[in-house]
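Worksheet: one structure, shown below.
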Amino acid sequence: MSAAAKQSRSHLLQSIAVAVILLAVWEGACRQFDISSIVLPTPSAVVARLYALISSGMIWPHLWATLIEILSGFVLGAVAGLVIGAMISLIPVFERLVYPYLVALQTLPKVAIAPLFIIWFGYGLTSKVVITALVCFFPVLVSVIAGFHSTDKDQLDMMRAFGATKWQTLLRLRIPSALVLIFAGFEIAAVLAVIGAIVGEFVGAQVGLGYLVVTLNFGMDVPGVFAVLIVLSAIGLAMHGLMRYAARRYIFWIRRNDAPVIP
Amino acid sequence: MIALKAQPAGDAYGVPVPSAGATKPAMIHIAGLEKSFKTRSGETVNALTNVNLDIRENEFISVVGPSGCGKTTLLRILAGLEIASSGVIQCDGAQIAGPRPDVGVVFQQATLLPWNTVLANVLLPAHLANDKSEARVKRAEGLLAFMGLKDFAQKYPFELSGGMQQRVSICRALMREPRILLMDEPFGALDAMTREAMNMELMRVWSEERKTVIFITHSIPEAVLLGDRVVVMSPRPGRISEIINVDVGRPRSLQTMATPRFGEICDHIRTIFGAQSLTATSL
């Protein structure tokens with residue numbers, strides 16, 4: 001094992017040790033001071049509740065609904081961001097006409113428009129997908145525009161000197177160059193997608209993990225709320241991991257250290 | 001080497017320059033060339049003023065000068081990346097108005113496409129010309145082998161050292177068998193050792209694939225070592241202050257740099273720059 005691998009393994013062990021100690025302190029403190037599970041449940045109670053939610057099959061329809069909202073919202077928002085971002089970057093007229101309005105829309109807190117989407121698209125999946133898509137749209141849009149602006153000037157000269165047409169320069173240089181920042185945008189959007197879906201469900205839904213959190217909270221089932229939170233963060237981590245994997249695969253020439261992607 | 005040994009020390013004066021084929025008409029003809037830019041504040045800056053230069057076919061021209069003397073601008077106009085403000089800049093009698101297929105360019109940075117393999121990078125000029133024939137692949141592989149990069153064809157640029165990347169970029173410039181090779185401080189970013197090795201490499205390429213080369217540098221010894229003639233430029237406004245015949249025989253090697261004649265020429269160029277900085281301070 002190399003020295004670097006040894007070091008990263010010992011770092012992992014240290015992180016796990018910290019987690020174990022924190023959980024033990026938490027468990028011990030709750031039992032010692034007899035804290036009500038409505039205020040702060042013990043980790044063991046949370047794990048037991050999580051197991052119950054899974055084994056009773058109660059969580060599955062909610063998990064399924066939220067996953068569909070996250071994934072379809074992410075794909076919709078990312079595709080819209082890619083298309084409109086590319087149009088803004090490559091068609092000057094479009095940038096002049098559309099970009100100011102997009103910036104204005106961006107400054108608006110998307111959460112605040114969520115109730116309107118419930119009115120427009122109903123209590124079903126659609127409204128949540130639209131909210132998620134809108135939340136994912138902007139980071140991708142901004143990263144696409146920044147990505148197309150990031151083309152290296154020397155490489156543009158090189159392409160011209162070797163007789164490249166505009167179209168060839170776009171396909172062979174500008175799009176691959178832009179990918180680096182676009183993947184950074186995807187990574188941010190993937191994490192925001194979870195927030196978008198949950199916020200949508202908070203505002204109005206009949207199914208989904210966000211709806212489940214509200215319901216369990218209403219019933220003072222705080223261990224249950226914690227259990228759902230664990231599931232949500234697992235989804236967030238999975239989305240993030242998926243994006244990292246895609247980035248490593250499709251922008252392989254960026255070594256991890258210089259990647260402008262959040263670690 | 002042998003030619004140098006046969007040459008008595010200090011007796012290089014009056015030896016006819018082998019490359020000076022005076023009977024051939026100029027391949028590149030530059031007369032009264034001007035180039036000015038508008039700065040952001042609206043001022044006009046003269047990057048080049050009254051540049052006159054004739055370059056023969058297969059001649060190796062070094063251009064040396066401090067930064068801001070317009071040497072890169074001159075090369076960019078030759079490459080068709082900039083258009084002259086006024087004056088004549090012709091290749092084979094036709095004004096240069098854009099990039100030409102018979103010109104290969106090597107930039108200061110290797111400017112390789114990081115997502116393409118070394119081989120694909122070398123093939124880029126052929127691909128841009130929609131030539132995907134097997135013969136082009138053979139040519140690219142031949143060039144890589146010639147540059148000692150045979151085993152790196154399927155590697156990516158980030159797996160190569162700076163010197164190797166620049167050699168790939170030279171292969172790319174030679175891909176379409178250009179008649180003219182333009183080089184803009186190609187070894188400026190390399191360390192001294194690699195740089196000397198690259199100079200030798202370039203001379204080997206040039207002796208193998210005879211081309212008209214215009215080589216920009218800010219290193220006086222590099223300019224003298226490589227060039228048939230050295231064009232000395234000076235800044236504000238960018239212009240040619242002198243054109244010097246390098247009457248040192250070929251083939252040249254790193255030992256050539258230790259000969260007295262080589263030292264004399266370098267000293268002479270330094271004097272030109274020295275005189276300029278003197279006038280600059282007295283102004």
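Can you tell me which of (1) at pLDDT 90 or above; (2) out of contact with any Phe, Trp or Tyr (no Cβ under 9 Å at 6 or more places or on another chain) is the one A:D258 doesn't meet?
Among (1) at pLDDT 90 or above; (2) out of contact with any Phe, Trp or Tyr (no Cβ under 9 Å at 6 or more places or on another chain), the lone unmet condition for A:D258 is (1).
Just give me the residues in the range B:59-111 being of a type in the set (S, T, N, Q) and closer than 18 Å to B:A173 by Cβ, in sequence order. Walk me through it before giving the result.
The initial filter retains those residues of the range B:59-111 that are of a type in the set (S, T, N, Q), namely B:62, B:67, B:72-73, B:85-86, B:90, B:95, B:108-109, B:111.
Within the range B:59-111, B:S62, B:T72, B:Q108, B:Q109, B:T111 qualify.
Pull up the range B:218-276, narrow it to residues that are part of a helix (DSSP H, G or I) and touching a Cys at 6+ places or on another chain (Cβ under 7 Å), then point me to the one that is surrounded by the most Cβ atoms within 10 Å (Cβ to Cβ). Give the steps one after another, and end with the answer.
Quick first cut of the range B:218-276, residues part of a helix (DSSP H, G or I) only: B:220-226, B:254-258, B:260-276.
Okay, now just the ones that are also touching a Cys at 6+ places or on another chain (Cβ under 7 Å), so B:220-221, B:224.
Values: B:I220: 21, B:P221: 19, B:V224: 26.
Per the stated criteria, the residue is B:V224.
Here is a list of conditions, (1) in contact with a helix residue (DSSP H, G or I) (Cβ under 8 Å, 6 or more places away or on another chain); (2) under 27 Å from A:V203 (Cα atoms); (3) not polar (S, T, N, Q), and A:P61 meets all of them except one; can you say which number that is?
Going through the list (1) in contact with a helix residue (DSSP H, G or I) (Cβ under 8 Å, 6 or more places away or on another chain); (2) under 27 Å from A:V203 (Cα atoms); (3) not polar (S, T, N, Q), A:P61 breaks only (1).
Does the range A:74-91 contain at least one residue that is aromatic (F, W, Y), at pLDDT 90 or above and under 30 Å from A:H149 (Cβ atoms)? Walk me through how you get there before you give the answer.
Kept after step one, since they are aromatic (F, W, Y), are these residues of the range A:74-91: A:74.
Okay, now just the ones that are also at pLDDT 90 or above, so A:74.
Adding the requirement that they be under 30 Å from A:H149 (Cβ atoms) leaves A:74.
Yes.
Mind listing just one residue for me: the one in the range B:167-194 that is at pLDDT below 90 and touching a Phe, Trp or Tyr at 6+ places or on another chain (Cβ under 9 Å) and, of those, nearest to the other protein chains (Cβ to nearest Cβ)?
Of everything passing the filter in the range B:167-194, B:R176 is nearest to the other protein chains (Cβ to nearest Cβ).
Can you report the number of residues in the range B:57-67 which are under 26 Å from B:F273 (Cα atoms) and surrounded by 16 or more Cβ atoms within 10 Å (Cβ to Cβ)?
Step one: of the range B:57-67, the residues under 26 Å from B:F273 (Cα atoms) are B:59-67.
Now drop any that are not surrounded by 16 or more Cβ atoms within 10 Å (Cβ to Cβ), which leaves B:59-65.
The number of residues fulfilling the criteria is 7.
Return yes when A:I182 is assigned to a helix (DSSP H, G or I), in contact with a Ser or Thr (Cβ under 7 Å, 6 or more places away or on another chain) and within 14 Å of chain B (Cβ to nearest Cβ) and no when it is not. Show your work before the answer.
On the way: assigned to a helix (DSSP H, G or I): yes; in contact with a Ser or Thr (Cβ under 7 Å, 6 or more places away or on another chain): yes; within 14 Å of chain B (Cβ to nearest Cβ): yes.
Judged against the criteria, A:I182 is a match.
Among what's in the range A:154-173 and is of a type in the set (D, E, K, R) and either surrounded by 23 or more Cβ atoms within 10 Å (Cβ to Cβ) or within 10 Å of another protein chain (Cβ to nearest Cβ) (or both), pick the residue that is nearest to B:P178 (Cα to Cα).
Step one: of the range A:154-173, the residues of a type in the set (D, E, K, R) are A:154, A:157, A:160, A:166, A:172.
Going one step further and asking which of them are either surrounded by 23 or more Cβ atoms within 10 Å (Cβ to Cβ) or within 10 Å of another protein chain (Cβ to nearest Cβ) (or both), we end up with A:154, A:157, A:160, A:172.
Values: A:D154: 20, A:D157: 18, A:R160: 15, A:R172: 22 Å.
Result: A:R160.
Filter the range B:104-124 for residues that are more than 18 Å from B:L78 (Cβ to Cβ) and facing another protein chain (nearest Cβ under 9 Å); which is farthest from the chain's Cα centre (by Cα)?
Start the filter on the range B:104-124 by keeping residues that are more than 18 Å from B:L78 (Cβ to Cβ), which leaves B:109-110, B:112-124.
Retained after the next criterion (residues that are facing another protein chain (nearest Cβ under 9 Å)): B:109, B:112-116, B:124.
Values: B:Q109: 14, B:L112: 19, B:L113: 22, B:P114: 25, B:W115: 27, B:N116: 26, B:L124: 21 Å.
Among those that are more than 18 Å from B:L78 (Cβ to Cβ) and facing another protein chain (nearest Cβ under 9 Å), it is B:W115.
Identify the single condition in (1) within 14 Å of another protein chain (Cβ to nearest Cβ); (2) modelled with pLDDT of 90 or more that B:D131 does not satisfy, given that it satisfies every other one.
So the condition that B:D131 fails would be (2).
Give the range B:68-104 a look and list any residue that's surrounded by 19 or more Cβ atoms within 10 Å (Cβ to Cβ) and within 29 Å of B:G274 (Cα to Cα), or say none.
Within the range B:68-104, B:C69, B:G70, B:K71, B:T72, B:T73, B:L74, B:L75, B:R76, B:I77, B:L78 qualify.
Counting only residues that are hydrophobic (A, V, I, L, M, F, W, C) and surrounded by fewer than 17 Cβ atoms within 10 Å (Cβ to Cβ), which one in the range B:29-52 is farthest from B:M233 (Cα to Cα)? Lay out the reasoning, then the answer.
Initially, the range B:29-52 is screened for residues hydrophobic (A, V, I, L, M, F, W, C), giving B:30-31, B:33, B:37, B:45, B:47-48, B:51.
Now restrict to residues that are surrounded by fewer than 17 Cβ atoms within 10 Å (Cβ to Cβ): B:31, B:37, B:45.
Numbers: B:A31: 15, B:F37: 18, B:V45: 17 Å.
Ranking the candidates gives B:F37 first.
The values are calculated or read from the model by the stated rules, or taken from the named source; none is laboratory data. Keep in mind it's a predicted model, so treat the numbers as computed, not measured. Note that we place each Cβ from the backbone using ideal geometry, even for glycine, and neighbour counts take in every protein chain shown.
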